[in-house]
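Reviewing the structure listed below.
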Amino acid sequence: MQDQNTEMSKATLRRLPSYLRYLYQLDKNNVPTVSSTTIANGLGLNPVQVRKDIALVSTVAGKPKTGYVTKELIADLEDFLGYNNTRDAVLVGVGGLGRAILGYDGFKNYGLNIIAAFDVNDEVVGTEVNGKPVYHIDKLQGIVERFKIRLGIICVPSVAAQSIADKMVAAGIKAIWCFAPVHLNLPAGIAVKGEDLAASLALLSMQLLENRRI
């Protein structure tokens, strides 16, 4: 596999997990090999683009007529994306969305292990959600430092997101996955990925309108 420091576009990085999900399904159905054209057709993509993406992350060579060995390609994609290296994380905000994320067991397939959650609501502090303990936010720094956590997930309202992000950074968090629709002002060297559900819905609605005009 090529050096993971190879420059790669964000578009390619967004496509790789979709390839992996598709390959998981093929492997589950005992499909031993797959071509880039099959992957492209299954995901509505261009076969040439699929081949280019795979070449960036995998040493597996597609063979004429048979294509790639499914299990080998899965292994290379998992390795490149870091899914083989479990990342511990903490989550702040045990409302509806936070509970849904804590309740999703599928994250373990992608190397994510949420070890604890935090909130300020006395009704949820001291409880467990899907086996994950919920602590008061005051305990965030101690637990992050104790377990050397580097990934934090924010599921609080927008007005509280910056404050929570600041607490995470002060505790030693190096990467933040934020579900609050707000821009976070963070120090250099802190990785952040925002998930704006409202923006995604607006985009989907626009695409729906465009499809109706066709």
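Potential lengthening of the chain between ILE115 and ARG87 amounts to 9.1 nm, from the contour at 0.36 nm per residue minus the alpha-carbon distance. Give me the percent of Cα-Cα pairs in the range 112-198 that sit more than 16 Å apart, rounded to a whole number. Tail fraction, whole percent: 52. Between ILE153 and VAL90, LEU91, VAL92, TRP177, the built amide H atoms are under 5 Å apart, and every one of these is 5 or more places off in sequence or on another chain. Springs join every pair of Cα atoms under 10 Å in this Gaussian network model of the chain, and among ARG51, ARG150, ARG14 the largest mean-square fluctuation is at ARG14. Take every pair of alpha-carbon atoms less than 8 Å apart whose residues are at least six positions apart; their mean separation over the length of the chain yields a relative contact order of 13 percent. With the convex hull of the Cα atoms taken as the outline of the chain, the averaged projected area works out to 14.6 nm².
Taking 0.36 nm per residue of separation and subtracting the current Cα-Cα distance, fully stretching the chain between LEU45 and HIS183 would add 46.6 nm. Rolling a 1.4 Å probe over the heavy atoms of the protein chains gives the range 43-143 an accessible area of 52 Å² per residue.
Bridge orientation summary for the chain: considering DSSP beta bridges with both residues in this region, about 20 percent are antiparallel. Amide H contacts under 5 Å for THR33: THR70, restricted to partners 5 or more places along the chain or on a different chain, H placed in the peptide plane at 1.01 Å from N.
Taking the centroid of alpha carbons for each part, the range 157-214 and the range 64-143 are 17 Å apart. Placing a pseudo-label 7 Å from each Cα along the Cα-to-Cβ vector at ILE143 and ARG14 gives an inter-label distance of 3.2 nm.
Rg/Rh, computed from the Cα trace of the range 45-143 with Rh as the Kirkwood radius, has the value 1.21. Helices in the chain that qualify as membrane-span-like (whole DSSP H runs, Cα extent of at least 18 Å along the helix axis, mean Kyte-Doolittle hydropathy of -1.0 or higher) are 10-28, 158-171, 197-213. Expressed as a whole percent, the accessible surface of the range 19-146 that belongs to carbon and sulfur atoms is 48, based on a 1.4 Å probe.
Secondary structure note: in the range 71-133, about 25% of the DSSP beta bridges are antiparallel. Dividing the summed -39500 (n - 2.57) terms of all DSSP H runs of n ≥ 4 by the residue count of the chain sets its mean residue ellipticity at 222 nm at -14000 deg cm²/dmol.
The values are calculated or read from the model by the stated rules, or taken from the named source; none is laboratory data. Keep in mind it's a predicted model, so treat the numbers as computed, not measured. Here Cβ is always computed from backbone atoms with ideal geometry, including for glycine, and neighbour counts include all displayed protein chains. Surface areas here come from the heavy atoms of the whole protein model, side chains and all, with no ligands, DNA or RNA. Shrake-Rupley method; radii C 1.70, N 1.55, O 1.52, S 1.80 Å.
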